[in-house]
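Asker: The structure is given below, and queries will be raised subsequently.
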Amino acid sequence: MGFIKSLFILLLIQFHFTGFAEQTNVYEINRILKFNIDSTINPATLDYLKHNIEKFPQADAYFIQMNTPGGLLSTTKEIMIQLSSSKKPTIIWVGPAGSSATSAGAIIASSSHLLFMAEGTNIGAATPISSTGDLKKNSDLRSKAINDIKALVRSQAQLHGKKAKPFEKMIEEAASYTASEALKAQAIDGLAQSYEDVLKSAHKRQVRLGDKKVELSFNSNIQVTDAKMDLGQRLLNILSSPNLAYILFLVGAALIYLEFQAPGGFIAGAIGTVCLVLASIGFEVLPLNLGALALICLGFVLFILEIYITSFGILSLAATGALVAGSLFLFRTDDSYLSVSFSVIMSVVAAIVTFIGIVFYIYMKSRKKIGQHKFNDDNLQIGTVIEVKEQGKYMIKSHGEIWRATSQQSLVLGDKVQVLCKNRDLTLEIKKIEG
């Protein structure tokens, strides 16, 4: 009898502690703040998240629809800190079909409480990039950068119940996973084709908030607030595109050059200045490589010198090389997952080389004509005497231009004259038009 009583007490104790260990609090979600990240990860993205989180403190959870090619590592870490410090569940959905969470996007995704993907999407390819391309294998710099990011995603993935190995491969081997592959590797929590599917799949899921485990419970009449970007954030987000900032800078520089070559209208100069100002805003938030920017400027200087110095094409080749090299590494730094598209670089460089070639051809053609052009019956020019300097020497105006002229006739102000020829010293021979 005593044995049975003792066994009964032991069973009660075990049931009590087992039930306590498995006890999970229910976390009611009545309001969701919904974000849409459909661009690079940049300071505008961080400000967008931070501003709306502060603006809607009553939200019970955050939903982020993600489609990003990557961005700045420093901004990525700040976003992860912002989401973690809120102590509210974050649900990330990579969708719709055709979207991706690449590089910096994959790192942010690893820190979500729940991660879903739509069929036809991918995640991964998060190997860090240096200022000279991918970091060399087995180098100390590469090991340091990769181990730092690996430790970050490992801790975040394990904290939120995801397998850390797939995220480590994304960083070390630039691995990329389709939605079904990521699910099989237990890198994500499920597949969902829409926002509504995500909420259905997330209902009754258990996540860890701080030091406790909770079960998410979505209200049937849940209130959804769409987070909006203000005008400044949208403008900064657009200008933070490395391709756009690069094109604006080169177009602005070309228009300023054109204004100096053919001054007077101020249209090219004004538009070029606006382009350079917009490009500088993008450069302010992007990880600009000043050495690469200097190479691009050197390329423009060499193109201009080619017009005035006979180098038989050597300066043009050097200018093209400097322009291409500077363009390739313009935004590649250790803090970045960004670079200018190679196709954009080749297109812009080809356009600039063609433009400079046309200008060089026109300039050389005009130089050959100086001192060789003669006025004949086919191209007679008419002018008007506007100043009598001394006997036989005059200043005339012809087709809007002021010329020095000489004549064997005696002329007075206002006389209509015919241009006979142009001397090598750019003095015109003229005669009075009778009648």
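Asker: In the list ILE32, ILE81, ILE107, which residue meets the criterion of being over 21 Å from the mean Cα position of the chain (by Cα), of a type in the set (Val, Ile, Thr) and modelled with pLDDT under 95?
Answerer: Checking each option against the conditions leaves just ILE81.
Asker: Then there's this: Please determine, by comparing only the residues of segment 209-254 that are among the small types (Gly, Ala, Ser) and outside any helix (DSSP H, G or I), which one is surrounded by the most Cβ atoms within 10 Å (Cβ to Cβ).
Answerer: SER240
Asker: What's the number of the only condition in (1) crowded, with 21+ Cβ neighbours inside 10 Å; (2) within 25 Å of LYS162 (Cα to Cα); (3) modelled with pLDDT under 90 that GLN23 fails to meet?
Answerer: So the condition that GLN23 fails would be (1).
Asker: List the pairs whose first member sits in segment 70-91 and is within 25 Å of TYR195 (Cα to Cα) and assigned by TED's automatic domain parsing to the domain that holds ILE149, whose second member is among the hydroxyl-bearing types (Ser, Thr, Tyr) and surrounded by fewer than 19 Cβ atoms within 10 Å (Cβ to Cβ), and whose Cβ atoms are under 9 Å apart, counting only residues at least 6 apart or on separate chains?
Answerer: Close Cβ pairs (under 9 Å, with a partner that is among the hydroxyl-bearing types (Ser, Thr, Tyr) and surrounded by fewer than 19 Cβ atoms within 10 Å (Cβ to Cβ)) amount to THR90/SER84.
Asker: So, one more: Take the residues in segment 263-290 that are of a type outside the set (Val, Ile, Thr) and touching a strand residue (DSSP E or B) at 6+ places or on another chain (Cβ under 9 Å); name whichever of them is modelled with the highest pLDDT. I'd like the intermediate steps shown before the answer.
Answerer: Of the residues in segment 263-290, the ones of a type outside the set (Val, Ile, Thr) are 263-266, 268-270, 272, 275-276, 278-280, 282-284, 286-290.
Next cut, touching a strand residue (DSSP E or B) at 6+ places or on another chain (Cβ under 9 Å) only: 286-287, 289.
Working: LEU286: 79, PRO287: 77, ASN289: 82.
Per the criteria, the residue is ASN289.
Asker: Within segment 284-311, track down each residue that is hydrophobic (A, V, I, L, M, F, W, C), farther than 23 Å from PHE360 by Cα and part of a helix (DSSP H, G or I).
Answerer: The answer is VAL285, LEU290, ALA292, LEU293, ALA294.
Asker: Same structure, new question: Could you check how many residues of segment 44-69 are in a loop (DSSP other than H, G, I, E, B) and in contact (Cβ under 8 Å) with a residue 24 or more places away in the chain?
Answerer: Here is the first cut: in segment 44-69, the residues in a loop (DSSP other than H, G, I, E, B) are 56-60, 67, 69.
From the residues that got through so far, the ones that are in contact (Cβ under 8 Å) with a residue 24 or more places away in the chain too are 56, 58-60, 67, 69.
Residues that pass the stated criteria total 6.
Asker: So which residues in segment 54-92 are touching an Asp or Glu at 6+ places or on another chain (Cβ under 9 Å) and within 19 Å of THR178 (Cβ to Cβ)?
Answerer: GLN65, MET66, ASN67, THR68
Asker: Quick one: in segment 264-312, of everything that is without any contact (Cβ under 8 Å) to a residue 40 or more places away in the chain and among the β-branched types (Val, Ile, Thr), which residue is farthest from THR45 (Cα to Cα)?
Answerer: Ranking the qualifying residues of segment 264-312, first place goes to THR310.
Asker: So, one more: Tell me, please, whether a residue that is over 22 Å from GLY70 (Cα atoms) and modelled with pLDDT of 75 or more can be found in segment 325-333.
Answerer: Looking for residues that are over 22 Å from GLY70 (Cα atoms) and modelled with pLDDT of 75 or more, one finds at least one in segment 325-333, hence yes.
Asker: Looking at segment 353-369, can you tell me whether even one residue there is among the polar types (S, T, N, Q), in a helix (DSSP H, G or I) and at pLDDT below 80?
Answerer: Scanning segment 353-369, I find at least one residue that is among the polar types (S, T, N, Q), in a helix (DSSP H, G or I) and at pLDDT below 80, so the answer is yes.
Asker: Which ones in segment 200-211 are out of contact with any Leu (no Cβ under 7 Å at 6 or more places or on another chain) and in contact (Cβ under 8 Å) with a residue 60 or more places away in the chain?
Answerer: SER201, GLN206, LEU209, GLY210
Asker: Criterion first (modelled with pLDDT of 85 or more, over 30 Å from LEU293 (Cα atoms) and surrounded by 15 or more Cβ atoms within 10 Å (Cβ to Cβ)) does LYS165 satisfy it?
Answerer: Criteria not met by LYS165.
Asker: If I ask for residues that are assigned to a helix (DSSP H, G or I) and crowded, with 16+ Cβ neighbours inside 10 Å, which ones from segment 176-208 would you list? It would help to see each step written out before you state the result.
Answerer: First, the residues of segment 176-208 that are assigned to a helix (DSSP H, G or I): 179-184, 195-202.
Of everything in segment 176-208, those that are assigned to a helix (DSSP H, G or I) and crowded, with 16+ Cβ neighbours inside 10 Å turn out to be ALA179, GLU181, ALA182, LEU183, TYR195, ASP197, VAL198, LEU199, SER201, ALA202.
Asker: Then there is this: Yes or no: LYS150 part of a helix (DSSP H, G or I), at pLDDT below 85 and not small (Gly, Ala, Ser)?
Answerer: Here the answer is no, as LYS150 does not meet what is asked.
Asker: Which condition does SER112 not pass, out of (1) in contact (Cβ under 8 Å) with a residue 60 or more places away in the chain; (2) assigned to a loop (DSSP other than H, G, I, E, B); (3) within 14 Å of VAL153 (Cα to Cα), if it passes all the others?
Answerer: Result: SER112 passes all but (1).
Asker: To continue, here is another question. Taking the stated definitions as given, is MET170 in a helix (DSSP H, G or I), buried (at least 18 other Cβ atoms within 10 Å of the Cβ) and under 27 Å from the mean Cα position of the chain (by Cα)?
Answerer: yes
The values are calculated or read from the model by the stated rules, or taken from the named source; none is laboratory data. As the structure is a computational prediction, the values presented were derived from the model and not from experiment. As a convention, Cβ positions derive from the backbone with ideal geometry for all residues, glycine included, and neighbour counts pool all protein chains shown.
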